[in-house]
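In what follows, a structure is listed as structure tokens, so that the remarks can point back to it.
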Amino acid sequence: MNMQALRKTAPGVGHIEIQEVPVPEIGDNDVLMKVYAAGICGSDLLIQEDKHFYRAPVTLGHEYAGIAYKVGKNVNRVKEGDKFVSDIECGGGDWLGVTIDGAYAPFMKVPEHVIYRMPDEVPLPHCVLAEPVVATHHLIQERAQVKVGDDVVIVGPGPMGIMAVQYARLCGAKRIFLIGLKSDEKRLGIGKHVGADYILYSEDNPEKIVMEVTGGKGAEFVLECSASQEGVQHAIDCARKAHEGPGGKGVVVFISLWGKKITVNMDEVSLGQLDIRGSWSWNGKETWEHAVDLLSRQVFNLDPMITNHYTLDQWELAFENLRTKQDVKAFIHPNGLDWAG
């Protein structure tokens, strides 16, 4: 039996198209997922532009949730009909939806060892956001360690930035500043709705406001989620400096990929003794278990982030709407919109 899948067919810019491929055959330790939806990620756009790692040919889609349609004979973590999500890192450098076939297709094969069953009461749209929640937990808790009373600046009001606003609030941040462009009005409004205390515009010297509000200190943690040259400069300029003493007062964490060289003034990284950290991937099972717990307890307001639903053959429109900021987080439904609710 065959199915339609959205695939990166060859290396280089472009080379993304819908192809007919066989429904995956599973082994004894695999599960065949019937895909509810796959979230469109900025990484998908970078793969389209040949600015992110991948291995072609491959079916894309690495943010997903679905139902166990068929299980291998050795599988015991889920049974047929169970709702589940999974880690996308399968070991050996294999990433579901990046280097091996993912969720932009009606069915996908998932190894049992990366699967996490989701409680029945967690809506499927929220389950689709499991991977972004994992990445946000890694950013906020495992790389940044935001604490009660910290000031937090988040640069970039995309899905990761909006998730970070909520997570920083959950951690007890004192004040949360969200920086975006004036063209990000819709996204900034969502960020305000879910917990940002201050909405600042990149065009209006936001670091000046951050310094005024914090009494000239700056923020203990700055999270750069914008993937822009200006965003990196804002991050450095908004962080708390320590021009004397032991340093490490301000921490800047990058989760962005730029796909090109950028130019910024780094002097205050040295003079202000800033800590610079990257945040990519996660701490494996530990992080996923935390994320599943957070989703299960429904501590985030996720619905405002989900701004659109598309069929598989609408993928070009869906990609373009994300690229032009018409959407925040949108889903592609390979099995049709009837299941979208």
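About its Cα centre, what dipole magnitude does segment 1-108 give when the only charges are +1 on Lys and Arg Cβ and -1 on Asp and Glu Cβ, stated in debye to the nearest 20?
Dipole size: approximately 220 debye.
Using +1 on the beta carbon of Lys and Arg, -1 on that of Asp and Glu, and nothing else charged, what's the dipole of the chain about the Cα centre, debye to 20?
In debye, rounded to 20, the chain gives about 380.
So what are the ³J(HN,Hα) numbers for segment 32-42, from phi and the Karplus equation (6.51, -1.76, 1.60; θ = phi - 60°), rounded to whole Hz, Gly and Pro as x?
Using θ = phi - 60°, the values come out as 8, 8, 8, 6, 6, 6, 10, x, 7, 10, x Hz.
Mind giving me the nanometre distance, one decimal, between the label points for residue 197 and residue 76, set 7 Å out from Cα along Cα→Cβ?
Each label point is offset 7 Å from its Cα along the Cβ direction, giving 5.0 nm.
Run the numbers on segment 136-278 and let me know its relative contact order in percent, using alpha-carbon pairs under 8 Å that are six or more apart.
Once normalised by length, the contact order is 23 percent.
On full extension of the chain, what length is gained from residue 275 through residue 29, given 0.36 nm per residue of separation minus the C-alpha to C-alpha distance?
Here the segment from residue 275 to residue 29 would lengthen by 84.3 nm.
Please sort 11-20, 31-40 by packing, taking for each peptide the average over its residues of neighbouring beta carbons within 10 angstrom, highest first.
31-40, 11-20
Would you mind calculating the relative contact order of the chain from Cα pairs under 8 angstrom and at least 6 residues apart, reporting the percent as a whole number?
Contact order relative to length: 17 percent.
Could you pull the Cα extents of segment 221-269 along its three principal axes, largest to smallest, in whole Å?
Answer, in whole Å and largest first: 36, 18, 13 Å.
If you stretched the chain out fully between residue 185 and residue 258, how much longer would it get, using 0.36 nm times the residue separation minus the C-alpha to C-alpha distance?
24.1 nm
Can you give the helix-only mean residue ellipticity at 222 nm for the chain, where every DSSP H stretch with n ≥ 4 adds -39500 (n - 2.57) and the sum goes over all residues, rounded to the nearest 500 deg cm²/dmol?
Per the formula, -7000 deg cm²/dmol.
Regarding segment 91-178, what whole-number volume in Å³ per residue does the convex hull of its Cα atoms give?
Hull volume over Cα atoms, normalised by residue count, gives 142 Å³.
Of 193, 256, 213, which is farthest along the charge dipole of the chain in the positive direction, counting Lys and Arg as +1 and Asp and Glu as -1 at C-beta?
Projecting each Cα onto the dipole axis, the largest value belongs to 213.
Tell me which lysines have Cα within less than 28 Å of residue 217's Cα, excluding those fewer than 8 residues away on the same chain?
147, 174, 182, 192, 208, 241, 249
Could you estimate the translational diffusion coefficient of segment 136-278 from the Stokes-Einstein equation, with Rh from the Kirkwood formula over C-alpha pairs, at 25 °C and 0.890 mPa s, in whole µm²/s?
So the translational diffusion coefficient is about 168 µm²/s.
Fully extended, how many nm does the chain gain between residue 324 and residue 244 (0.36 nm per residue separation, minus their Cα-Cα distance)?
24.5 nm
Could you work out the Rg to Rh ratio of segment 1-94, with Rh taken as the Kirkwood radius (inverse of the mean 1/r over all Cα pairs)?
That ratio equals 0.99.
Can you compute the radius of gyration and Dmax for segment 239-341, using only the Cα atoms, both in Å?
According to the Cα coordinates of segment 239-341, Rg and Dmax are 20.0, 61 Å.
Mind checking which of 274, 234, 139 is farthest towards the positive end of segment 136-278's charge dipole, using Cβ charges of +1 (Lys, Arg) and -1 (Asp, Glu) about the Cα centre?
Going by the Cα projections, it comes out as 139.
How much net charge surrounds residue 101 when only other residues with a Cβ under 13 Å from its Cβ are counted (Lys, Arg +1; Asp, Glu -1)?
Combined, the nearby Lys, Arg, Asp and Glu give +1.
Would you please state which residues of segment 28-63 a label at residue 90 would reach in this model, taking the label point 7 Å out along Cα→Cβ and a backbone N cut-off of under 16 Å?
Hits in segment 28-63 for residue 90 at 16 Å: 28-35, 54-63.
Take every Cα pair under 8 Å in segment 1-94 that's 6+ residues apart, average their separations, divide by the length, and report that relative contact order as a whole percent.
So the answer I get is 29 percent.
Any read-out appearing in this document is the output of simple, stated calculations on the displayed coordinates, not a laboratory observation. On a predicted model such as this, the values are computed, not experimentally measured, just so you know. When we count neighbours, we look across all protein chains shown, and the Cβ atoms used for this are built from the backbone with ideal geometry, even at glycine.
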